[in-house]
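The block underneath contains the structure these notes are about, expressed in structure tokens.
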Amino acid sequence: MTGTDTLLTAAGAAEPAEGLRAVRSLRTLADRLEALQVERARRQGWSWQQIADCLGVTRQAVHKKYGKTTGRVVP
Amino acid sequence: MFERFTQDARDAVTRARDEAGALGAERIGSEHVLLAAVRVDGVAQQALTGLGIGADALAQAVRARHGLDDDALASIGVDLGAVRAQVEATFGEGALDAAHRTAPRALTPDAKKLLELALREAIRTERRRIDTGHLLLAAVRAPESAARATLSSLGLSDDAVRDAVGVAWARAA
């Protein structure tokens, strides 16, 4: 199967299983990237508010999600 | 129980820790034992090679089951290999797989079951020692195991795996 065929198949939901797996993988990818970037920003001294603004969420949301794991990281 | 394991099967059990850690797992699962069994040079590796599956393809299938599916992402035009290279250039090796700095020690119930089943497979096949072939047979013996689901996601039926182990043993004999 060529790349284009695969793309059309997934996008056209002719193969929902593959399309749904792609959605799940994108979410996992986004979650992992977010965790890495938030940790780096905290190490570089960013405030929770600055991170929240970039992510388009509230400060409370980002602090609740990452406060325990990266809040006390010593730069 | 490990005194009955051959050296390659012992190596596989030891290596399963590293495989689990590299894939960001909190505990060692049956899929990590399976992957390690195929990484070490032995019957399991020969059997899967005979079926056209290498250790890297198996590792990719394990990652796919945990939410990072290379093929599914490729189907929407995302090249996970390119993403991984970029992320690792910035954050270090294994960053995208959330690799742990310290490998886990605890086995999941699923992994414990796989080791028990490997012992039973050794008894059933009337072999004194447990080798990686028994680990692979155990993987397809446990109906609900993550190891079996991983093999099945690669299109490998239980019978195909059993036959391939038989062929690999016959060759080794």
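The values are calculated or read from the model by the stated rules, or taken from the named source; none is laboratory data. Predicted, not measured: the structure shown is a model, and the values here were computed from it. Don't worry about glycine lacking a Cβ; one is built from the backbone with ideal geometry, like all the others, and counts go over all protein chains shown.
Of note:
- Residue check for B:ALA172: surrounded by 14 or more Cβ atoms within 10 Å (Cβ to Cβ) and small (Gly, Ala, Ser): no
- The set of residues in the range B:61-87 being at the interface with chain A (Cβ under 7 Å from one of its Cβ atoms) and polar (S, T, N, Q) consists of B:SER75 alone.
Residue-by-condition table, conditions (1) surrounded by fewer than 17 Cβ atoms within 10 Å (Cβ to Cβ); (2) modelled with pLDDT of 95 or more:
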| site | (1), (2) |
| --- | --- |
| B:ILE53 | no, yes |
| B:LEU58 | no, yes |
| B:ALA61 | no, yes |
| B:ASP70 | no, no |
| B:SER75 | no, no |
| B:GLN86 | yes, yes |
| B:GLY94 | no, no |
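- Subset of the range B:1-47 (residues that are among the polar types (S, T, N, Q) and touching a helix residue (DSSP H, G or I) at 6+ places or on another chain (Cβ under 7 Å)): B:SER30, B:GLN45, B:GLN46
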